[in-house]
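S.K.: Structure incoming, see below.
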Amino acid sequence: GASGGFSVPNLPMNGRVALKVLHDAYAQEGVADLVVGGAPAEVQLIEGVRVYGSVVTRGAEAPVGNAIIEFKNAQPPYDTGAARTAIDGEFALRLKPGVYVYRAEGADYVSAAWE
């Protein structure tokens, strides 16, 4: 809604879930161990740092569309973020400030290691 509230339907009552909140203007934020039907959760978003780039094949340097780029914070609390490339291989997302490692995975390609 206008106040930023939202709900997630069809979750098992009293089950425990984790949530990852994504928004183009803010860093991705996760909340773990929420009880379905319990108290409302409040997630505070920060602007974060814009990260953008492209994924290309080795050698041929052809763009890799629809690849997943996964970012993992190298320091506690080890939070993660993810983006998907467009058809031209480009991606963008916002992350909380920190030191991250990343890797890319496509249908036929995967990074050699976390970088």
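The values are calculated or read from the model by the stated rules, or taken from the named source; none is laboratory data. Just so it is clear, the model here is predicted, and its values are computed rather than measured. Here the Cβ is made from the backbone with ideal geometry for all residues, glycine too, and neighbour counts use every protein chain on show. In case anyone asks, the SASA skips ligands and DNA or RNA and just uses the protein heavy atoms, side chains included. Shrake-Rupley method; radii C 1.70, N 1.55, O 1.52, S 1.80 Å.
S.K.: Can you send over the solvent-accessible area of residue 34, 1.4 Å probe, protein chains only, in Å² to the nearest 10?
M.R.: Approximately 40 Å² of residue 34 is accessible to the 1.4 Å probe.
S.K.: So what are the ³J(HN,Hα) numbers for segment 9-21, from phi and the Karplus equation (6.51, -1.76, 1.60; θ = phi - 60°), rounded to whole Hz, Gly and Pro as x?
M.R.: My calculation for segment 9-21 gives x, 6, 9, x, 3, 6, x, 10, 9, 10, 10, 10, 9 Hz in order.
S.K.: Explain nothing, just compute: Karplus ³J(HN,Hα) = 6.51 cos²θ - 1.76 cosθ + 1.60, θ = phi - 60°, for every residue of segment 42-57 in order, whole Hz, x for Gly and Pro.
M.R.: Listing the rounded values in order: 10, 10, 9, 9, 10, 4, x, 10, 7, 10, 9, x, 9, 10, 10, 6 Hz.
S.K.: Right, another one. Would you work out which of 46, 66, 34 lies farthest towards the positive end of the dipole of segment 11-80, given +1 charges on the beta-carbon of Lys and Arg and -1 on that of Asp and Glu, about the Cα centre?
M.R.: Ranked along the dipole, the leading option is 66.
S.K.: Return the whole-Å distance between the Cα centroid of segment 1-70 and the Cα centroid of segment 74-104.
M.R.: 11 Å
S.K.: Okay, moving on. Looking at [x] 9.0; [y] 8.2; [z] 7.6, which value of mean projected area of the Cα convex hull in nm² comes from a calculation on the structure shown?
M.R.: The listed entry that was calculated here is [x].
S.K.: So for the pair residue 109, residue 78, with labels modelled 7 Å out along Cα→Cβ, what separation do we get in nm?
M.R.: 2.9 nm
S.K.: Oh, and also: Run through segment 4-74 and list the trypsin sites (Lys or Arg not before Pro) located in a DSSP loop whose Cβ has at most 13 other Cβ atoms within 10 Å.
M.R.: Details: sites: 16, 20, 50, 58, 72; in loops: 58.
Answer in residue order: 58.
S.K.: Give me the distance in nm between label points sitting 7 Å out from Cα along the Cα-to-Cβ direction at residue 23 and residue 87, one decimal.
M.R.: 3.1 nm
S.K.: Would you mind telling me which residue in 87, 46, 69 has the biggest mean-square fluctuation in a Gaussian network model of the chain, where springs connect alpha carbons within a distance under 10 angstrom?
M.R.: The residue that fluctuates most here is 87.
S.K.: Per residue, how many Å² of accessible area does the chain show with a 1.4 Å probe? Don't skip to the end; give the middle numbers.
M.R.: Values: 8100 Å² over 115 residues.
Per-residue accessible area for the chain comes out at 70 Å².
S.K.: Moving on. What is the set of long-range amide H partners of residue 82 at a cut-off below 5 Å, with H atoms built 1.01 Å from backbone N?
M.R.: Here 71 satisfy the definition.
S.K.: Can you list which of the GluC sites (Glu not before Pro) found in segment 1-91 are DSSP loop residues with at most 16 other C-beta atoms within 10 Å?
M.R.: Values: sites: 29, 42, 47, 61, 70, 90; in loops: 42, 47, 61.
Those satisfying the criteria are 42, 47, 61.
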